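Presented below is the structure to which this report refers.
Every read-out reported here was derived from the displayed coordinates using simple, explicitly stated rules and does not represent laboratory data. Since we're looking at a predicted model, the values are computed, not measured. No Cβ is skipped: glycine too gets one built from the backbone with ideal geometry, and neighbour counts run over all protein chains shown.
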Amino acid sequence: MFQPDPIILAFLPVKQGLFLLALLPLALLRGIVARRAARTAALVALALAVLGLLARYLPELLNVYGGPLVRAAGAWRNLLGGMGMNLLAALPLLASAVLPGRRWWAIDAVHVLLLAGLLGLWAYSLWG
C-alpha cells in the first residue's frame, strides 16, 4: 500500500552520482579527440563532473562533516535540489557538440540520450 514509486527510486541514484559517472568518459573522450574550442568545453565538463563527484563522495570518505569546504561542497551538491551540478556539468559537453573542432557525433548522441533520461526522470519526480 505504501510502497515507493520505482521510478523515483531510480531517479535518486542517477541524480546523486550515476549521471556524472556516465558523463566522465564522454567528456574525457571528447577532450581527447576534439580540437580547439570543443576540446576546451569538454575538459570543462570533465572538471565539473569530477568536482560534482568529489563533492558528493569525498566528505563521507574522509569522514569530514564540518568546515567551509564541506559547506561549499554541500551547496554545490544541493544546487537546484541536486540537479544543478548535473546540469552545469552537462552544459559544456552539450556546447562542445556545436563548437569548432567537434569530432565523433556518437558522443553527442549518447550524451543527449543520457540527458534526456535524467530530465525525464526529474520531470516524473516533479509532476508524476
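Ranking Leu113, Leu62, Ala34 by Cα position along the charge dipole of the chain, where only Lys, Arg, Asp and Glu carry charges on their C-beta atoms, puts Ala34 farthest toward the positive end.
So which helices of the chain fit the span-like rule, where a helix is a whole DSSP H run, its Cα atoms reach 24 Å or more along the axis, and its mean Kyte-Doolittle is at least 1.6? Show your work: numbers first, answer last.
Working: long enough: 36-62 (37 Å, 1.33); 105-127 (32 Å, 1.50).
Both cut-offs are met by no helix.
Given 37 °C and 0.692 mPa s, compute D for the chain with the Stokes-Einstein relation, Rh being the Kirkwood radius over Cα pairs; round to the nearest whole µm²/s. Could you put the intermediate results ahead of the total?
Values: Rh = 15.4 Å.
Taking Rh from Cα pairs, D becomes 214 µm²/s.
Estimated from the Cβ-Cβ distance and a Förster radius of 22 angstrom, the FRET efficiency linking Val50 and Leu126 is about 0.20. Listed by Cβ neighbour count within 10 Å, with the fewest neighbours leading, Leu126, Leu51 appear as Leu126, Leu51. If R0 is 25 Å, the Cβ-Cβ spacing of Tyr57 and Val33 corresponds to a FRET efficiency of close to 0.35. Of the chymotrypsin sites (Phe, Trp or Tyr not before Pro) found in segment 55-95, those that fall in a DSSP loop while having at most 13 other beta-carbon atoms within 10 Å are Tyr65.
Springs between Cα atoms under 10 Å define the GNM used for the chain, and in it the highest mean-square fluctuation of Val44, Val110, Val64 occurs at Val64.
Between Leu113 and Val70, the contour length at 0.36 nm per residue exceeds the alpha carbon distance by 12.3 nm.
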